[in-house]
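Scroll down for the structure; my scribbles are underneath it.
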Amino acid sequence: MKIDVLTLFPAMFAGPLDESIVKRARQAGLLDLRIHNLREYAHDRHKTVDDRPFGGGPGMLLKPEPIFEAVESLAREQTRVILLSPAGRVFNQAIARELALIDELLLVSGHYEGFDERIREQLADDELSMGDFVLTNGALPAMVIIDAVTRLLPGALGDEESAHEESFSHGLLEYPQYTRPAEFRGMKVPEVLLSGHHAEIAKWRTEQSRRRTAERRPDLL
Ligand code: 4GS
């Protein structure tokens with residue numbers, strides 16, 4: 001899979017994507033990741049990427065010319081061009097699974113008050129949000145998406161990692177888990193988990209998952 005990122009803050013991407021599973025996937029050639037500085041697509045003396053909104057109002061907008069030039073030079077017909085902004089559909093595991101099936105993504109990180117609407121209309125295939133909060137820019141959302149998608153690429157996880165069924169894969173929150181010691185500062189591990197009765201343990205875990213999900217995330221049920 002190839003992922004291009006268009007951002008005003010390329011330096012933010014050093015670190016999070018150079019560790020752990022994403023690092024390994026890149027080294028193995030499963031993920032070809034390229035970070036591009038939007039400012040390099042601005043051609044005036046001051047490398048301007050923003051301007052004031054017509055009609056007035058606070059803040060600045062990302063202006064069309066640099067983003068159009070960048071997307072036209074980076075994206076091919078089959079590339080999924082995705083804007084990151086709070087106006088997008090809220091990212092989740094189902095969307096991560098959908099994106100993991102695509103060969104080429106171009107993630108366009110937002111900044112300032114947002115995008116000139118013509119970018120949305122003409123260039124974007126999709127628009128994704130991390131959630132209902134305001135960030136300083138879309139670099140972290142881009143990294144979150146890259147992380148969630150990369151671990152779904154075939155071969156990205158080791159056997160140990162793959163074997164684990166995780167929250168949101170089976171649609172419920174994780175049940176409580178314990179490791180040694182069986183008693184720690186007077187706090188005991190539930191008896192059933194020490195019993196060796198595999199059917200009882202499975203039943204207990206399912207019940208705990210349901211109860212926790214009902215309490216904390218009833219929207220998932
Ligand atoms: C998000 C978000 C975001 C919005 C970018 C204000 C700077 C900022 N992007 N999911 N301008 N939430 N973007 O907060 O994706």
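The values are calculated or read from the model by the stated rules, or taken from the named source; none is laboratory data. Predicted model only: the values in this text are computed from it and were never measured. Cβ atoms come from the backbone with ideal geometry, glycine included; neighbour counts cover every protein chain shown.
One line per residue, one yes/no per condition, for (1) in contact with a Ser or Thr (Cβ under 8 Å, 6 or more places away or on another chain); (2) among the hydrophobic types (A, V, I, L, M, F, W, C):
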residue: Ile3; (1), (2): no, yes
residue: Leu8; (1), (2): yes, yes
residue: Met12; (1), (2): no, yes
residue: Glu19; (1), (2): no, no
residue: Ala25; (1), (2): yes, yes
residue: Gly29; (1), (2): no, no
residue: Leu33; (1), (2): no, yes
residue: Glu40; (1), (2): no, no
residue: His43; (1), (2): no, no
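Residue count for the range 61-106, restricted to those that are near the ligand (Cβ under 10 Å from one of its atoms) and assigned to a loop (DSSP other than H, G, I, E, B): 1. The residues of the range 183-193 that are of a type in the set (A, V, I, L, M, F, W, C) and surrounded by 12 or more Cβ atoms within 10 Å (Cβ to Cβ), listed by number, are Val189, Val192, Leu193. Taking the listed residues Asp4, Asp44, the one that is part of a strand (DSSP E or B) and of a type in the set (Asp, Glu) is Asp4, with no other qualifying.
Filtered by the rule that a residue be farther than 20 Å from Thr79 by Cβ, touching a residue at least 60 places away in the same chain (Cβ under 8 Å) and not aliphatic (A, V, I, L, M), the range 120-146 gives a lone residue, Asn137. Looking across the range 161-213 at every residue that is among the aromatic types (Phe, Trp, Tyr) and not in a helix (DSSP H, G or I), the one that is modelled with the lowest pLDDT is identified as Phe168. Quick check on Thr48: is it in contact (Cβ under 8 Å) with a residue 40 or more places away in the chain and among the polar types (S, T, N, Q)? Taking the combined requirement at face value, the residue does not satisfy it.
Evaluation of Ile119 against the conditions (1) in a helix (DSSP H, G or I); (2) away from the ligand (no atom under 16 Å from the Cβ) shows that the sole unmet condition is (2). Would you confirm whether any residue within the range 5-12 is loosely packed, with under 12 Cβ neighbours inside 10 Å and either under 20 Å from the mean Cα position of the chain (by Cα) or at pLDDT 95 or above (or both)? Yes, the range 5-12 has at least one match. Say we look at the range 124-142 and pick out the residues that are within 8 Å of the ligand (Cβ to nearest atom) and in a strand (DSSP E or B); which of these is surrounded by the most Cβ atoms within 10 Å (Cβ to Cβ)? The residue in question is Leu128. The set of residues in the range 94-134 being in contact with a strand residue (DSSP E or B) (Cβ under 6 Å, 6 or more places away or on another chain) and among the aliphatic types (A, V, I, L, M) consists of Ile102, Leu105, Leu106, Leu107, Val108, Leu123, Ala124, Leu128.
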